[in-house]
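The values are calculated or read from the model by the stated rules, or taken from the named source; none is laboratory data. Computed from a predicted model, the values in this text were never measured in an experiment. Neighbour counts are summed over all protein chains in view; Cβ atoms, including those assigned to glycine, are modelled from backbone coordinates with ideal geometry.
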Amino acid sequence: MGGTCRSDAEVAVSSSKLNRMPKWDDLARLAAGVGGVSAATLVYTRWLAASNATTVALTFLLIVLVVAATSRFWVAAVTSVAAMLQFNYFFLPPVGTWTIADPQNWVALFAFLAVSLVASNLADRAREQAREARARRDEVARLFDLSREVLLTTEGRDAIASLARSIARRFDLAYFAITLPRGMEWERFEAGPLAITLDTNQLSLAFAGAQGGLEFDARERTYSGHRTMTVAGQVVRLVPLRVGTKPIGLMAATGRPVEPGTLDALAAVVAIAIERASLLEDRKAAEVARRGEELKTALLASLGHDLRTPLTAIRVAASNLQNAGLAPELQREQSELILEEAERLGRLFENILEMARIDAGTVATDLRWTHPSEVVTAARGQVERLLRDHLIEVAVEPDTPVRIDPRLTASAIAHVLENAAQYAPARSTISVTASVTGEGLVVSVRDRGPGVAPADLPRLFERFYRGSTAQAHTSGTGMGLSIARGLLAAQHGRIWGENAAGGGAQFTLVVPAEAKELAS
């Protein structure tokens, strides 16, 4: 739908004509004012038989002032004329005629009319100034609230759309849009109950006009570049969005009248919000790139260490097996070493694949009915070689069937068991308890190791993070706990770690699950 541009003068004339149109409440006040003058005339002529013109004039003046204090100027002016005519006809000699015999009465009559009109004008002007002051106060409050909201703006394109909706709501606009040039097209973020289509040619012309020099209009309190266009009978105001002196887009608004200076201030706030959202996006991209580089560096360092050790052990054991004179016991020992290190490499690559699936968000869940004891047994089987030097205590109560993904849950528990085996000293006890509560399946794994340093607790589940104790005494990539958290998150579960009361570390896993009641 096309639009036609109009000058600000034409818009101002149309607005002033609209403001001058009588309203029903003004007509009611006019009727009340004229009726009050007529009632006072009736009282003075019929019941009080007042002959003092001064008393009557002051009464009429009081009525005119009350009308002027509550109505617009034209209402008070008409009331003043009505009061003057009745004052002349009923109270100035010769009474009952429009003729005034005494020249002094002419002076009194016109003095009364002048005082009435001046008082009405002053009252109307004071009321208009009070209204403008309230309106500006409200606009400043809206701008302040909007500025505070801009500080909470998040990154992303949704932030600009949310800003447009907030402005349309706060300023009670029928239509509001933030339009940004994107090559030959315009990206629009629209809000408000009125649905209109802006003419892209008019937008391009307005944006091209904003490219010129920046000038300030002291009378309108606006910068150059303001334009208007008519779309579907609606006058839409176009205001440039500038960062410094450079225009970055246009703001379109229609509906409730808003002062040009307020629109200019609003455009400045919108431009700041757009620039802030863009900076937040750039910062987020830079942060993602930085973290990616850190992860790559940590992954390469961890893999370089954890690949070198098992490969070296496998190479040495394979060389020993080539010795024809090697005793059968030593051959079996070297074969077990190769199997153990090969299993270690397999778990390392499995960890990398699981982490890749978690990052890609492709961890699919397969909910099945299973017993908690079966899940714990499956988890122990995945890290059986790592647990052979420890005593494992398992307590499952009650062993009520639950509906979970047994594969993901067992894998998460296995990573926690592997972590406990690395930290706990040989021949120490690792306790595993499982229960079904209102939250679902709850599994706790406790070791008798040195525990977790307080400084390491907030970072336990960070990828590739290994605490000071682990760096000094154990090997590993630092991926296990992070993978366990990701596998549980795919099931809307959670995990946390803490130091146990009797020493060692304790990790608790919670998996939301539906439980099945056992038949009694």
| task | Go through segment 342-357 and give me each residue that's farther than 19 Å from Leu488 by Cβ and among the small types (Gly, Ala, Ser). | result | Ala342, Gly346
| request: Would you mind finding the one in Ser444, Ser435, Ser428 that is touching a helix residue (DSSP H, G or I) at 6+ places or on another chain (Cβ under 9 Å) and surrounded by fewer than 23 Cβ atoms within 10 Å (Cβ to Cβ)? | output: Ser435
| Which is assigned by TED's automatic domain parsing to the domain that holds Leu194, closer than 20 Å to Ala168 by Cβ, in contact with a Leu (Cβ under 7 Å, 6 or more places away or on another chain) and of a type outside the set (Ser, Thr, Tyr), of Val258, Val269? | Val269
| query | In segment 370-410, which residue that is of a type in the set (Ser, Thr, Tyr) and assigned to a helix (DSSP H, G or I) is surrounded by the most Cβ atoms within 10 Å (Cβ to Cβ)? | reply | Thr409
| task | Go through segment 45-72 and count every residue that is surrounded by fewer than 20 Cβ atoms within 10 Å (Cβ to Cβ) and either under 14 Å from Ala111 (Cα atoms) or at pLDDT 75 or above (or both). | result | 15
| task | Go through segment 248-269 and give me each residue that's surrounded by fewer than 18 Cβ atoms within 10 Å (Cβ to Cβ) and under 21 Å from Gly233 (Cβ atoms). | result | Arg256, Pro257
| Can you tell me which residue in segment 230-248 is farthest from Thr200 (Cα to Cα), limited to those that are over 25 Å from the mean Cα position of the chain (by Cα) and among the basic types (Lys, Arg)? | Lys246
| request: Please go through segment 191-228 and pick out each residue that is polar (S, T, N, Q) and either modelled with pLDDT of 80 or more or in contact with a Cys (Cβ under 8 Å, 6 or more places away or on another chain) (or both). | output: Thr197, Thr200, Asn201, Gln202, Ser204, Thr228
